[in-house]
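Engineer: Structure incoming, see below.
The values are calculated or read from the model by the stated rules, or taken from the named source; none is laboratory data. All of these numbers come straight from a predicted model, not from anything done at the bench. Here the Cβ positions follow ideal geometry from the backbone for every residue, glycine too, while neighbour counts run over all protein chains shown.
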Amino acid sequence: MTPLVLTTFSAVNSLGYGVEAVHAALIARRSGLTPCTFEQVQLETYAGEVAGLDALPVVPELVEFDCRNNRLAQAALRQDGFEQQVAAARARYGAQRIAVIVGTSTSGILETEHAYQQRDAASGRLPADYHFATTHNLYASAEFTRRYLKLEGPTLMVSTACSSSAKVFASAWRMLSLNLCNAVVVGGVDSLCRNTLYGFSSLDLVGREPCRPCDAGRGGISIGEAAGYALLEWPQRAAKHSGVALLGYGESSDAYHMSTPQPEGRGAALSMQRALDCAGLSPADIDYINMHGTASLVNDSMEDKAITTVFGTHTACSSTKGWTGHALGAAGITEAVISALCIQHGFMPGCLNARSIDPAFTSEVLLDHRAATVQRVLSNSFGFGGSNCSLIFGAVA
Amino acid sequence: MNPVYVEGIGLFAPGLVGWEQGATVLAGRAPYAPASLPKLVPALLAPDVRRRTTDHIRLAVEVAGEAVRHAQCDAATLASVFASSESDGAITHNICEEVARPHPEVSPTRFHNSVNNAPAGYWCMAVGSQQPSSSVAAFDGTFAAGLLEACAQVLTEHLSVILVAHDTPLPEPLNSARPMGASFGVALVLTAEPTARSLARLRLTLPAEESQESVLSDSALEALRRANPVARSLPLLAALARQQHTHIALPYVGGQNLGVTLEPMP
């Protein structure tokens, strides 16, 4: 495919506000995971909570959108000069020529959880100040993003569980290829809520300690929250850019089970192979793989097998969920940003919190950071329902 | 945009039970008589799997299965785009009720069915498809947004795509916050090249030239169109049923419409 440049990108997650905070935490091997105290949840686990959102309401003109999920989205739009770069693109292309594609899993469901706690005892009605369409509805944060950035192009919410904000890159390439727009704001946002904390616990997937991807004794995932955005354009049209491009994407379905990946990683391997084919690259062209690596027993094992199937045993790989936790629908964009940082700064992160790699693994999982020129990164995102997406990012020649 | 071709249709809504009966009504050859919907038992779901699914999931599998039978194609080869504004309201309600308790006990099956792409997951398992699958939403523009994404996949990925759009009413108290008067499910099999089976050629224009969305002249059908985000597809389905060259404006996002020019195929 014809590559797309990332003009700019932004991130907010438990490591901090802005890509510099994320980069600094990665280099310092400082995790954002802390004992979970969110909303008096009675679970013994760690979570990647974003501090300070309570003090950051959405702008007054979009007050009906105010909720934790859109606050997190707004925080990411305000970092890293992102909204200024979008404004410059808007001036160049026109508001109708910039699309918005956002990924989420649970959107602003926390608002509905609060509303259910405050139901009228007699009638069962929800409180009068509850705004469903602009907070909990799946599309809410895509509409919030388009209004905040004053854009009028095609707009879409992708919601495929934990692959959501990886798949936004594929949809963006399609829209640009059909000349429906000149640039696309892609992003993802998912915020902590009781639904996901208790839901993943019901499946015995949540670990008691900070998650340890690829570790022999890994005990499950840590749930995080995050938002991130990237502005995508054709390289010849971009005035300036980050030096990183989207080179390819691959999408596949497991067709195996709703909440368990196919144990041999067949769907995952297919998505990685399709990304390579899309980019016109061979496995040896990839310097580093940012794994989905949730630290669940089955995910990490099948992903190791899938990587070995496609790449053999010598391509460096690791998961960065030991820093951020699993940001679910925002994991794709969070790890796209981390992949871009690896290319910009020349490093490959070693799995945080892991002490020894699972002896059954055959891929080249990194425990320690490796300083190296990184030309190309493949980033994996896999979701419930067997939804797989792999993205390839590369340095712009 | 280049055209795409409609190869098969599935439909399930009050008074429009299957494409054959629905097309007769939508073409004006029979009166529209809304009736409560029969319980769905999609043959593609094995009984033990079906027991773990919800009405929302069964509606998607039912219309997708009908569209594939109509198109006489191999379902496993199709990429898929699922479009739903509200996802599974019964599950949302149930889990939100449960987690409002001090010591919640969420059902694991209900939780994994709560992801918006659960219908896509069950469909891919039912037909053994490892093709790309997306699940999208755009509030009242959900059908148009799904159609646009499906056509974009047809035209850029060189795959045939099944679009499955479906929404079911939320239970109270959520239905008061997002009223929906009826269930509606529709599926279209779309290809890049015409075949002997093609029913119509579609050309999309974004934004549409028209500032007013297309409506239906039959007041009961127009009420259905307005009762469910996915029923906004009805003007397109009526044009398919009538086999008439038609230009339609479907509500999209930001007050825009998606234009669709439909040419029947001989």
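Engineer: Among the numbered criteria (1) of a type outside the set (A, V, I, L, M, F, W, C); (2) in contact with a Phe, Trp or Tyr (Cβ under 7 Å, 6 or more places away or on another chain); (3) touching a residue at least 24 places away in the same chain (Cβ under 8 Å), which one does A:Gly199 miss?
Structural biologist: If we test A:Gly199 against (1) of a type outside the set (A, V, I, L, M, F, W, C); (2) in contact with a Phe, Trp or Tyr (Cβ under 7 Å, 6 or more places away or on another chain); (3) touching a residue at least 24 places away in the same chain (Cβ under 8 Å), just (3) comes out false.
Engineer: Could you please find all residues in the range B:227-258 being of a type in the set (D, E, K, R) and within 15 Å of the chain's Cα centre (by Cα)? Let's see the steps before the verdict.
Structural biologist: Step one: of the range B:227-258, the residues of a type in the set (D, E, K, R) are B:232, B:242.
Within the range B:227-258, just B:Arg232 meets the criteria.
Engineer: Quickly run through the range A:349-397 and pick out the residues that are touching a Phe, Trp or Tyr at 6+ places or on another chain (Cβ under 6 Å), assigned to a strand (DSSP E or B) and either without any contact (Cβ under 8 Å) to a residue 40 or more places away in the chain or away from chain B (no Cβ under 14 Å) (or both).
Structural biologist: Answer for the range A:349-397, where residues must be touching a Phe, Trp or Tyr at 6+ places or on another chain (Cβ under 6 Å), assigned to a strand (DSSP E or B) and either without any contact (Cβ under 8 Å) to a residue 40 or more places away in the chain or away from chain B (no Cβ under 14 Å) (or both): A:Ala371, A:Val377.
Engineer: Could you list, in sequence order, the residues of the range A:152-189 that are away from chain B (no Cβ under 12 Å) and in contact with a Ser or Thr (Cβ under 7 Å, 6 or more places away or on another chain)?
Structural biologist: Passing the criteria: A:Val185, A:Gly187, A:Gly188, A:Val189.
Engineer: Given the condition within 13 Å of another protein chain (Cβ to nearest Cβ) and either assigned to a helix (DSSP H, G or I) or within 20 Å of the chain's Cα centre (by Cα) (or both), answer yes or no: does some residue in the range A:277-287 qualify? Can you show your working first?
Structural biologist: Step one: filter the range A:277-287 for residues within 13 Å of another protein chain (Cβ to nearest Cβ), giving A:277-278.
Now narrow it down to the ones that are either assigned to a helix (DSSP H, G or I) or within 20 Å of the chain's Cα centre (by Cα) (or both): A:277-278.
For the range A:277-287, residues within 13 Å of another protein chain (Cβ to nearest Cβ) and either assigned to a helix (DSSP H, G or I) or within 20 Å of the chain's Cα centre (by Cα) (or both): present.
Engineer: (1) under 19 Å from A:Ser10 (Cα atoms); (2) surrounded by fewer than 24 Cβ atoms within 10 Å (Cβ to Cβ): which one isn't true of A:Gln273, the others all being true?
Structural biologist: (1)
Engineer: Quick one: A:Val50 ticks every box in (1) touching an Asp or Glu at 6+ places or on another chain (Cβ under 6 Å); (2) at positive phi bar one, so which box is it?
Structural biologist: (2)
Engineer: Here is a follow-up. Name the single residue, out of those in the range B:151-160 being out of contact with any strand residue (DSSP E or B) (no Cβ under 6 Å at 6 or more places or on another chain) and touching a residue at least 24 places away in the same chain (Cβ under 8 Å), that is farthest from the other protein chains (Cβ to nearest Cβ).
Structural biologist: Restricting attention to the range B:151-160, the residues satisfying the condition of being out of contact with any strand residue (DSSP E or B) (no Cβ under 6 Å at 6 or more places or on another chain) are B:152, B:155-158.
Those still in the list that are touching a residue at least 24 places away in the same chain (Cβ under 8 Å) too: B:155, B:157-158.
Working: B:Leu155: 6, B:Glu157: 7, B:His158: 12 Å.
Applying the filter and picking the extreme gives B:His158.
Engineer: Of the residues B:Leu148, B:Leu163, B:Leu170, B:Leu174, only one is within 8 Å of another protein chain (Cβ to nearest Cβ) and either farther than 21 Å from A:Gly103 by Cα or in contact with a Gly (Cβ under 7 Å, 6 or more places away or on another chain) (or both); which?
Structural biologist: Values: B:Leu148 fails: either farther than 21 Å from A:Gly103 by Cα or in contact with a Gly (Cβ under 7 Å, 6 or more places away or on another chain) (or both); B:Leu163 fails: within 8 Å of another protein chain (Cβ to nearest Cβ); B:Leu170 fails: within 8 Å of another protein chain (Cβ to nearest Cβ).
Matching residue, one of B:Leu148, B:Leu163, B:Leu170, B:Leu174: B:Leu174.
Engineer: Kindly state which helices (runs of 4 or more DSSP H) lie completely within the range B:1-96 and contain at least 1 residues that are touching a residue at least 60 places away in the same chain (Cβ under 8 Å), more than 14 Å from chain A (Cβ to nearest Cβ) and not small (Gly, Ala, Ser).
Structural biologist: Working: elements: B:19-26, B:47-51, B:55-71.
Qualifying helices (runs of 4 or more DSSP H): B:19-26, B:55-71.
Engineer: Of the conditions (1) in contact (Cβ under 8 Å) with a residue 12 or more places away in the chain; (2) closer than 30 Å to A:Ala239 by Cα; (3) more than 10 Å from chain B (Cβ to nearest Cβ), A:Ala91 fails just one. Which one is it?
Structural biologist: Among (1) in contact (Cβ under 8 Å) with a residue 12 or more places away in the chain; (2) closer than 30 Å to A:Ala239 by Cα; (3) more than 10 Å from chain B (Cβ to nearest Cβ), the lone unmet condition for A:Ala91 is (1).
Engineer: Here are some residues: A:Gly217, A:Gly243. Which one is more than 19 Å from the chain's Cα centre (by Cα), modelled with pLDDT of 95 or more, away from chain B (no Cβ under 14 Å) and within 30 Å of A:Ala88 (Cα to Cα)?
Structural biologist: Working: A:Gly217 fails: within 30 Å of A:Ala88 (Cα to Cα).
Matching residue, one of A:Gly217, A:Gly243: A:Gly243.
Engineer: Still on this structure, please answer the following. Tell me which of these A:Ser201 doesn't satisfy, since it passes every other one: (1) assigned to a loop (DSSP other than H, G, I, E, B); (2) surrounded by fewer than 24 Cβ atoms within 10 Å (Cβ to Cβ).
Structural biologist: Just one mismatch for A:Ser201, condition (1).
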